[in-house]
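**Student:** Below is a structure I'd like to ask you about.
The values are calculated or read from the model by the stated rules, or taken from the named source; none is laboratory data. Quick caveat: nothing in here was measured; it's all calculated off a predicted structure. All Cβ positions, glycine included, derive from the backbone under ideal geometry; neighbour counts span all protein chains shown.
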Amino acid sequence: MDRRRLACLGVVAAAGALLCGCTSQAEKSDTPGLEPRGTVLTTVKPTRQDLTNQLSLTGKVEIDPVFGIVAPVSGEIRYVNRQPSAKPATEPLWVGSVWRDGAPNRVYIPTGSTFAGRLMADHAAVTAGMPVASAKHSGYGIVAEIDSSQAYRISGSVQTVRGQIKNGPGPFPCRALGTIAALPAGTIPEPPPTTNPSAPPSAGPPQGAVEDPSAGGSAEGSEPTGMRLVCTAPAGVKLINGAAVTLDVITAKATQAMVLPVEAVAGVQGKGKVDIVGPDRTRRTVDVTLGITDGKVIEIRKGLKGDETIAVPGPDLPTAAPNTDQGGSGAPG
């Protein structure tokens, strides 16, 4: 009797297992597949917050670092015929003027520096903010090289810089000098010829040129530089040539700026693009004007109202067309 009961129980258990297996297969067949290609899965909405463009640079202490002086306005640069001097300027040193609408806008080397070279040809057209002269700071300075990934975040005006010397003094304010743009090798004009008493009097120096009575030094230009930030520490900070320095740089601030995550925006400077997601989940790419960024979010100055739904990630750049020219300049050499 017990054997028959056990046998029946075994049959029932086997049937139950088979039934469960069938149910499991049915459930698996009802599992949805992958979303169609191009479906937007992540979206964000613009928000508002205070924003600071702040970044950290690694630099070192150098002696007599070279920095650039920029054109104050757009126009034509006319240089002063000035030779380098071994003595740093005790007051701002006039090295040229940018002429615009018939009026000169003078370019000066700051106090404590020497003239290191011209960066443009005389009478060349320049734009505001373009480096036109190089100067050499006299004494210790702090130099931080800037790579391409940081260039656009720091290309504007530098508001504040604070330095910390590794295992040394700091933090301390560091006064930025000139521009951070990369500088080509500067050129020094040839010194004016000596006057020959037997020669007839000349018509004088060319327009915009002034002879410097304290001219001296070699006719060699400044060394070319990469993109760099040069600043000087307060007089009470002890500096050692070659010492490592960390610089904390703030270039801009914005209050209650409209922002999006950087992943939602194509572009990081000036103009960019975002994808607006419609009610039917389709994308529409629009142009936006960009402001500052802290590396996580980026300011949207124009192009959005603030209530849009934005796709993440942002739009991709168009793929370049393949080069089909087999015989022209595009073919491998």
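**Student:** Are any residues in the stretch 228-240 surrounded by fewer than 17 Cβ atoms within 10 Å (Cβ to Cβ) and within 27 Å of the chain's Cα centre (by Cα), and if so, which ones?
**Tutor:** Listed by number, the list holds a single entry, P234.
Rundown of residues vs (1) at pLDDT 90 or above; (2) among the aromatic types (F, W, Y); (3) in contact with a Phe, Trp or Tyr (Cβ under 9 Å, 6 or more places away or on another chain), yes/no style:
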| site | (1), (2), (3) |
| --- | --- |
| P92 | yes, no, yes |
| D101 | yes, no, no |
| I109 | yes, no, yes |
| M120 | yes, no, yes |
| P184 | no, no, no |
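**Student:** If you take the residues of the stretch 241-280 that are of a type in the set (K, R) and surrounded by 14 or more Cβ atoms within 10 Å (Cβ to Cβ), which of them is nearest to the chain's Cα centre (by Cα)?
**Tutor:** K253
**Student:** Does A233 qualify as being under 24 Å from S134 (Cα atoms) and of a type in the set (G, A, S)?
**Tutor:** For A233, the condition - under 24 Å from S134 (Cα atoms) and of a type in the set (G, A, S) - is met.
**Student:** Report, ordered by the first and then the second residue, all pairs with beta carbons closer than 6 Å, sequence separation of six or more or different chains, a first member in the stretch 82-100 that is farther than 18 Å from D64 by Cα and of a type outside the set (S, T, N, Q), and a second member that is at pLDDT below 90 and assigned to a loop (DSSP other than H, G, I, E, B).
**Tutor:** Once the first residue is farther than 18 Å from D64 by Cα and of a type outside the set (S, T, N, Q) and sits in the stretch 82-100, its partners that are at pLDDT below 90 and assigned to a loop (DSSP other than H, G, I, E, B) give R82/D212; V95/R82.
**Student:** In addition: State which residue is surrounded by the fewest Cβ atoms within 10 Å (Cβ to Cβ) when the search covers only the stretch 60-76 and only residues that are under 14 Å from P88 (Cα atoms) and out of contact with any Ser or Thr (no Cβ under 6 Å at 6 or more places or on another chain).
**Tutor:** Across the stretch 60-76, the extreme among qualifying residues is I63.
**Student:** Go through the stretch 73-84 and give me each residue that's outside any strand (DSSP E or B) and either modelled with pLDDT under 95 or over 23 Å from the mean Cα position of the chain (by Cα) (or both).
**Tutor:** Scanning the stretch 73-84 gives V80, N81, R82, Q83, P84.
**Student:** Restricting to the stretch 171-183, and then to whatever is buried (at least 18 other Cβ atoms within 10 Å of the Cβ) and in a loop (DSSP other than H, G, I, E, B), can you tell me which residue is farthest from the chain's Cα centre (by Cα)?
**Tutor:** If we take residues in the stretch 171-183 being buried (at least 18 other Cβ atoms within 10 Å of the Cβ) and in a loop (DSSP other than H, G, I, E, B), then C174 is farthest from the chain's Cα centre (by Cα).
**Student:** What residue, of V249, V245, is more than 17 Å from A311 (Cβ to Cβ) and modelled with pLDDT of 95 or more?
**Tutor:** Just one listed residue meets the conditions, V245.
**Student:** Residues of the stretch 230-268 being farther than 30 Å from H137 by Cα and either among the charged types (D, E, K, R) or in a strand (DSSP E or B) (or both), which ones?
**Tutor:** Listed by number, the residues that qualify are A254, T255, Q256, A257, M258, V259, L260, P261, E263, A266.
**Student:** Anything in the stretch 269-297 that is in contact with a helix residue (DSSP H, G or I) (Cβ under 7 Å, 6 or more places away or on another chain) and in a strand (DSSP E or B)? List them, or say none.
**Tutor:** Hits for the stretch 269-297 are V274, T293, V297.
**Student:** Give me the residue from the stretch 148-168 that is touching a residue at least 24 places away in the same chain (Cβ under 8 Å) and part of a loop (DSSP other than H, G, I, E, B) and, out of that set, nearest to L183 (Cα to Cα).
**Tutor:** So, considering only residues that are touching a residue at least 24 places away in the same chain (Cβ under 8 Å) and part of a loop (DSSP other than H, G, I, E, B), the one nearest to L183 (Cα to Cα) is S155.
**Student:** Pairs only if they're at least six apart or on different chains, beta carbon under 9 angstrom, first in the stretch 303-314 and under 11 Å from V44 (Cβ atoms), second of a type in the set (G, A, S) and outside any loop (DSSP other than H, G, I, E, B); list them, first residue then second.
**Tutor:** From residues that are under 11 Å from V44 (Cβ atoms), the pairs are I310/A264; A311/A264; V312/A264; P313/A264; P313/A266; G314/A264; G314/A266; G314/G272.
**Student:** Another question, if that's okay. (1) surrounded by fewer than 18 Cβ atoms within 10 Å (Cβ to Cβ); (2) modelled with pLDDT under 95; (3) farther than 22 Å from T225 by Cα; (4) not polar (S, T, N, Q): which one isn't true of L51, the others all being true?
**Tutor:** For L51, the exception is condition (1).
**Student:** Which residue out of S97, S134 is under 25 Å from P234 (Cα atoms), assigned to a strand (DSSP E or B) and among the hydroxyl-bearing types (S, T, Y)?
**Tutor:** Selected residue: S134, the only one of S97, S134 that is under 25 Å from P234 (Cα atoms), assigned to a strand (DSSP E or B) and among the hydroxyl-bearing types (S, T, Y).
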